[in-house]
1. Name the residue that is nearest to THR222 (Cα to Cα), counting only residues in region 146-167 that are of a type in the set (A, V, I, L, M) and touching a residue at least 40 places away in the same chain (Cβ under 8 Å).
2. What are the residues in region 160-218 that are surrounded by 15 or more Cβ atoms within 10 Å (Cβ to Cβ), of a type in the set (Phe, Trp, Tyr) and farther than 25 Å from ASP129 by Cβ, if any?
3. Just need a number here: residues in region 90-117 that are at pLDDT 95 or above and polar (S, T, N, Q).
4. Residues of region 69-123 being over 23 Å from LEU54 (Cα atoms) and over 12 Å from the mean Cα position of the chain (by Cα), which ones?
5. Regarding region 169-177, can at least one residue be identified that is of a type outside the set (D, E, K, R) and within 19 Å of ASP122 (Cα to Cα)?
6. Tell me the helices (runs of 4 or more DSSP H) entirely within region 138-233 that contain at least 3 residues that are under 19 Å from the mean Cα position of the chain (by Cα), at pLDDT below 95 and of a type outside the set (Ser, Thr, Tyr).
7. Out of everything in region 93-144 that is open to solvent by 50 Å² or more (accessible area, probe 1.4 Å) and touching a residue at least 60 places away in the same chain (Cβ under 8 Å), what residue ends up being nearest to MET190 (Cα to Cα)?
8. Which members of region 1-27 meet the condition of being in a loop (DSSP other than H, G, I, E, B), open to solvent by less than 60 Å² (accessible area, probe 1.4 Å) and of a type in the set (D, E, K, R)?
Amino acid sequence: MAFNRIADRGFDARNPRTAMRALPAGLLSVGFVWIFTIVAAALFLFSAAMLNRLTLVLAPVALVSVLLYSFTKRWTQLSHLVLGWSLSIAPTGAWIAVRGNLASAVPLLLSLVVLLWTAGFDVLYACQDYEFDRKEGLSSIPARVGIGKALWISRGLHVAAFLTLIWLYVVTALGPVALAGVLATAGLLMYQHRLVRANDLGRLNAAFFTTNAFVSVILLVTFGSAVFLRSQQ
């Protein structure tokens, strides 16, 4: 996130929505944020080295992915999927960190859920910068196809995320507690898309921040509880 703010500081300064972020507003210096970013990256690689060999070998892939994302909006409308990929590394990375191998489809399915879910809500988020992105020549899906079509693309990505979540539930067979999480997630995703219309983005923050936070917590609690209950049997 710090590197993203460095890379986008020029755009952020020209965008009324982001002009008060720390760098364009002068609340932090670019040098300080660079130091913070370098220290964080070094700590990440050091931590990976302390876990196991495979985690260390793959750690640069994760790091390059999240850094590369910051530039993708300059040349491809698929930047939303790149962001999804960057965040989807986390579940599989955690699995490898704990087990030292990837001998299961479970973390890959969870990563695919995260990729599709993230890409879907990032398309929603980008709708608020439709005019600015077109003016600056930035490549987002809303800037390319318009807000109305972008909302349908976001819905399609979230439908795919939900279907993958069902697939994950079937593979793990975690029982009714996890199923409750799946159903709650479906309800929240539908509610999220009811909040946003092509001609009314006034409730976008509620759709983006609040709803997504609830999805994260619900899946953690329900699937985590289901795994715990199974371990006690």
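The values are calculated or read from the model by the stated rules, or taken from the named source; none is laboratory data. Fair warning: this is a prediction, and the values are worked out from it, not measured in the lab. Glycine gets a Cβ as well: all are built from the backbone with ideal geometry, and neighbour counts include every protein chain shown. Just so you know, the surface numbers come from the protein's heavy atoms only, side chains and all, with ligands and any DNA or RNA stripped out. Shrake-Rupley method; radii C 1.70, N 1.55, O 1.52, S 1.80 Å.
1. LEU165
2. If the condition is that a residue be surrounded by 15 or more Cβ atoms within 10 Å (Cβ to Cβ), of a type in the set (Phe, Trp, Tyr) and farther than 25 Å from ASP129 by Cβ, then PHE162, TYR169 are the ones that fit.
3. Looking only at that region, the number is 2.
4. Answer for region 69-123, where residues must be over 23 Å from LEU54 (Cα atoms) and over 12 Å from the mean Cα position of the chain (by Cα): SER70, PHE71, THR72, LYS73, ARG74, TRP75, THR76, GLN77, LEU78.
5. no
6. In region 138-233, the matching helices (runs of 4 or more DSSP H) lie at 176-195, 211-232.
7. The residue in question is GLN128.
8. Within region 1-27, just ASP8 meets the criteria.
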